[in-house]
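Written out below as structure tokens is the structure these notes cover.
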Amino acid sequence: MTVNNRLFIVGGSGFIGSRLVEEATRRGYPASYTYASKPLVTDARGYRVDLTGASAGDLEKFVRAEEPASVIYCAVPAPIVQAGEEDHRAISLEGVKRVVAALKPGGRFIYVSTNMVFGGGKGPYTEMAAPDPEQRQDPYRFYGLYKTAGERLALESWPDTIVARTCVVDGRLANGQLSPRLAGLFQQLKAGQSLHRFTDRYFSPTLVGNFCKAIFEALEPEFRYRGILHLAGAERINDFDYARKLARYLGYDESLVKPDNLANSPAMRHSPPDTSLDVAFTQSLLKTPLLTVDEQFIQLFPQK
């Protein structure tokens with residue numbers, strides 16, 4: 001009897017999605033994915049779908065055609081902070097409805113979510129903490145609101161659902177280049193430029209490769225848990241200390257990193273100060289170790 005392990009990745013051309021597609025093909029999964037405008041260079045089958053446009057309904061057709069055993073939903077508006085409310089609704093909520101309508105009974109659904117569902121700034125948040133995105137008054141408000149709605153819909157409408165929240169994912173793109181945020185830090189430090197980082201904003205930095213490994217462990221038949229997982233880095237840290245650690249690890253002058261606070265930034269002053277994720281419960285379920293910041297740097301820059 002042939003076991004169906006077909007995998008369908010919605011949002012496969014984004015940063016996280018492209019790494020998931022890469023990992024799927026490396027592991028030998030029969031994989032397919034959706035992309036918004038440009039397909040990946042991969043053996044996986046790509047389907048062009050604009051979830052905010054006229055082709056949004058094609059998602060159901062493609063899922064039905066592929067008959068996947070599992071769907072990983074990691075589509076997000078790009079760029080997140082500039083997208084309007086309707087785009088967030090279409091991608092983070094309506095797309096979930098389309099997948100649930102098309103997925104065959106017994107199929108597994110993994111909905112990739114975010115720490116931005118928390119707006120109260122009272123982290124680290126556990127998997128059992130109630131989302132409160134309505135408290136957000138920053139550019140991530142709609143993102144948090146509709147990711148929360150997507151989580152709820154997935155959990156309530158599909159029994160075989162895992163909501164995989166993560167937080168500030170960095171690492172290397174499928175082509176080996178550093179992700180934009182990390183590349184910016186690296187280039188400034190390398191050039192000897194000073195940079196101001198917040199001492200009062202805490203997060204759980206996550207390495208994309210570590211996240212992907214944890215996702216694929218959750219796809220294994222013996223992984224029985226269903227519900228919310230926090231697939232983020234194992235360390236709660238602020239922006240300032242993170243940048244200083246990076247400078248120290250790379251051998252650059254860490255005094256280039258200057259302390260700042262949210263109140264001094266017009267764009268960030270309304271951001272919640274702590275949306276870090278507590279990963280203790282999730283780690284108790286996983287064999288894959290969720291990495292500290294130093295462990296992430298070792299994997300990113302092994303020559304150091």
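Quick one: net charge of Glu127's neighbours, Cβ under 9 Å, K/R +1, D/E -1? Mind dumping the intermediate values first?
Working: positive: Arg165; negative: Asp278.
Summing Lys/Arg as +1 and Asp/Glu as -1 gives 0.
Full-extension gain between Gln137 and Lys104, please, as 0.36 nm times their residue separation minus the C-alpha to C-alpha distance.
The span from Gln137 to Lys104 would gain 8.0 nm if fully extended.
Where the convex hull is taken over the Cα atoms of the stretch 171-304, what is its projected area averaged over directions, in nm²?
For the stretch 171-304, averaging the hull's shadow over all directions gives 9.3 nm².
Counting each DSSP H run of 4 or more residues in the chain as -39500 (n - 2.57), what helix-only mean residue ellipticity at 222 nm follows after dividing by all residues, to the nearest 500 deg cm²/dmol?
That calculation yields -10000 deg cm²/dmol at 222 nm.
If you take the charge dipole of the chain about its Cα centre, with +1 on Lys and Arg Cβ and -1 on Asp and Glu Cβ, which of Tyr73, Met268, Thr199 is farthest toward its positive end?
Towards the positive end, the residue furthest out is Tyr73.
Mind pulling the per residue volume of the convex hull built on the Cα atoms of the stretch 1-115? Å³ is fine.
It comes to 106 Å³ per residue, whole-number rounded.
Taking a label point 7 Å from the Cα of Leu285 along the Cα→Cβ vector, which residues of the stretch 141-182 have an amide N closer than 13 Å to it?
155, 160-166
Between the stretch 198-261 and the stretch 40-110, how far is it from one alpha carbon centroid to the other, in angstrom?
Here the two parts' Cα centres lie 26 Å apart.
Is the chain best put as rounded, prolate or oblate by its Cα gyration tensor, with a ≥ b ≥ c the root eigenvalues, rounded for a/c under 1.5, and otherwise prolate when a/b is larger than b/c, oblate when not?
The shape class here is prolate.
Please compute the contact order of the stretch 1-73 in relative form: average sequence separation of alpha-carbon pairs under 8 Å and at least six residues apart, divided by the residue count, as a percent.
That works out to 37 percent.
Mind listing which trypsin sites (Lys or Arg not before Pro) in the stretch 232-287 are in a DSSP loop and have 10 or fewer other Cβ atoms within 10 Å?
Hits after loop and neighbour filter: Lys287.
Compute the distance in nm between two label points, each set 7 Å from the Cα along the Cα-to-Cβ direction, one at Thr126 and one at Asp294.
In this crude label model, Thr126 to Asp294 measures out at 2.8 nm.
Is there a pair in Lys122/Lys245; Lys104/Lys147; Lys147/Lys213; Lys61/Lys213; Lys61/Lys287; Lys38/Lys213 whose C-alpha atoms are over 27 Å apart, and which pairs would that be?
Details: Lys122/Lys245 24 Å; Lys104/Lys147 23 Å; Lys147/Lys213 22 Å; Lys61/Lys213 29 Å; Lys61/Lys287 36 Å; Lys38/Lys213 25 Å.
Exceeds cut-off: Lys61/Lys213; Lys61/Lys287.
All of the numbers you see were taken from the coordinates with simple rules; none came from a lab. Everything quoted here is computed from the prediction, not taken from an experiment. Heads up, the Cβs are rebuilt from the backbone with ideal geometry, glycines too, and the neighbour counts pull from every protein chain shown.
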